[in-house]
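None of the figures in this text is laboratory data; all of them are computed from the coordinates on show. Quantities reported herein were computed from a predicted structural model and do not represent experimental measurements. Counting neighbours? That spans all protein chains shown, and the Cβs are built from the backbone with ideal geometry, glycine included.
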Amino acid sequence: MSTGRQSPPRWAEALLERLLAARERDTVVGDLREEYAESVVVQRGRLLADLWYLRQIWSFVPRRLVQKRIEGKMRQAISFFTFACACWLATMEMVLRHPGYGLRIGVALCIALISLATIIGRLAHVEGRSEVWRWAGAILLIGIGGQAFLRNVRAAHFEGFVVVISVALVVQGVLMLMSRRMTA
């Protein structure tokens, strides 16, 4: 057996070793390397065998921990984005003063406040204490984002940035709704 050609990628094995407890490391890595070389590469080819190996690694990752961390970081990043967009929108509405600008400024401030509260709640580790407000804010963001998206799709003049912002609002709202389920 040629270990260089029939072995999983070294970086993948190193990742697997970091995920495993010391007492399991040699056995699990050895068993997966053997299965990879003797049957998976032969049956599926190198690319599919590498994907199979990644799937095996993924099975050792604690799901709840990963989902909670990823979801929290995504929620915080998208909250920063929607906060910046809301501030930009409010500023542009105050400068341009199109008909109905007062309502749009109010919506932008509402988005900014929800996003800021989400950011502060995550940083201060108090986001689980205001479930009713989080649900209300999430539903409001989903509603605003969904309405903006639908209006933009139906409009004669399509605005790409409106699509990006509206999708970000919906994603932020969904992540806010998911956050309680993840911490429970």
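So here's what we get for this one:
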{"read-out": "Acute angle (nearest 10 degrees) that the helix 22-35 long axis makes with the longest principal axis of the chain, alpha-carbon atoms", "value": "80 degrees"}
{"read-out": "For the stretch 131-138, 3J(HN,Hα) per residue [Karplus equation, 6.51 cos²θ - 1.76 cosθ + 1.60, θ = phi - 60°, Hz, x = Gly/Pro]", "value": "4, 4, 5, 5, 5, 4, x, 5"}
{"read-out": "Contact order normalised by residue count of the stretch 63-183, Cα under 8 Å, 6+ apart, percent", "value": "33 percent"}
{"read-out": "Angle in degrees between helix 160-183 and the longest Cα principal axis of the chain, rounded to the nearest 10", "value": "60 degrees"}
{"read-out": "Under the Karplus curve 6.51 cos²θ - 1.76 cosθ + 1.60, θ = phi - 60°, whole-Hz ³J(HN,Hα) for the stretch 92-104, x wherever Gly or Pro sits", "value": "5, 5, 5, 6, 7, 6, 5, x, x, 5, x, 5, 5"}
{"read-out": "The stretch 63-183 - convex hull of the alpha-carbon atoms, volume per residue in Å³", "value": "100 Å³"}
{"read-out": "Burial ranking of peptide ranges 111-122, 40-51, 17-28 (average Cβ count within 10 Å, highest at the top)", "value": "111-122, 40-51, 17-28"}
